[in-house]
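Report on the following structure.
Throughout, read-outs are computed from the coordinates displayed, never taken from laboratory work. Since this is a predicted model, take the numbers as computed values, not measurements. Backbone-built Cβ (ideal geometry, glycine too); neighbour counts: all protein chains shown.
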Amino acid sequence: MITCLTSCTKSQLIREVGACVKGTGERPFCCETCHKKFSTRSHLTVHMAVHEDVGRFRCDSCDKRFSLKSHLVCHMRIHTGERPYKCDKCDYTATASDSLVNHMKTHTNDRRFVCETCGWRGIRNKDLVVHTRKHTGEKLFCCETCHKKFSTKGNLNQHKKIHDPARPFTCDQCDYGARQKGSLVRHMKTHPK
């Protein structure tokens, strides 16, 4: 008889075909489109909907489409600036509850994910996977405009801004405009106080 040490129900265990890794940090189910990894087949199946060309739910601000309404609701907060989830230990705020849950782990000393190469320790397996790419040189995320590759989606998204002509961060003392807030902050230091 197959048993699970992490409280999966029998139906979950059957659905996962005995490959239950819940709670272990392992993510053996990989999306063939974006290479994101999941601990259960059912989570992968739900994720696959994000790659469908036709999402039923469309953002009125930017026309981006989503297969799940909850993803649209969360996305809309980017446009409204709403960040309803607040950390009670620091100033961190988030657009989604799962982001806050992950953030809360940063306030613990439970760093059980250890890099075998250098001994670096992380809070989440996801962080270890990203860290390991520093050693392997693996770059899974490619810019569609210039084909430069990046090891994290965040770095790719940051890079994509160089291809956008919009400069939303403007200096109130001269005609300087920047694509990123950090660039404007550095620029502001060039003006005498």
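Quick notes on this structure:
- 21 Å Cα-Cα reach of Lys161 towards lysines, excluding residues that sit fewer than 8 places from it in its own chain: Lys64, Lys139, Lys148, Lys149, Lys153, Lys181
- Local electrostatic count, Ala96, Cβ distance below 13 Å [Lys/Arg +1, Asp/Glu -1]: +1
- Tensor-based shape of the chain (alpha-carbon gyration tensor, a/c under 1.5 rounded, otherwise prolate or oblate): prolate
- When the Cα positions of Leu128, Gly154, Cys118 are compared along the charge dipole of segment 113-163, Gly154 comes out farthest toward the positive end, with charges on each C-beta of Lys, Arg, Asp and Glu.
- Spin-label model distance (nm) - Ser61 vs Glu26, 7 Å beyond Cα toward Cβ: 4.1
- FRET efficiency for the pair Tyr92 and Cys174, taken as 1/(1 + (r/R0)^6) with r the Cβ-Cβ distance and R0 = 35 Å, rounds to 0.60.
- Residue (of Ile78, Phe141, Cys90) at the positive-pole extreme of segment 76-156, dipole from beta-carbon charges: Phe141
- Filter on Lys105/Lys126; Lys37/Lys134; Lys36/Lys134 - keep pairs with C-alpha separation over 20 Å: none
- Helix-only mean residue ellipticity at 222 nm for the chain, each DSSP H run of n ≥ 4 adding -39500 (n - 2.57), per residue, nearest 500: -9000 deg cm²/dmol
- Virtual spin-label span in nm between Lys153 and Arg41, 7 Å along Cα→Cβ: 2.4
- Full extension of the chain segment joining Trp120 with Met104 gains 3.8 nm, where the gain is 0.36 nm per residue of separation less the Cα-Cα distance.
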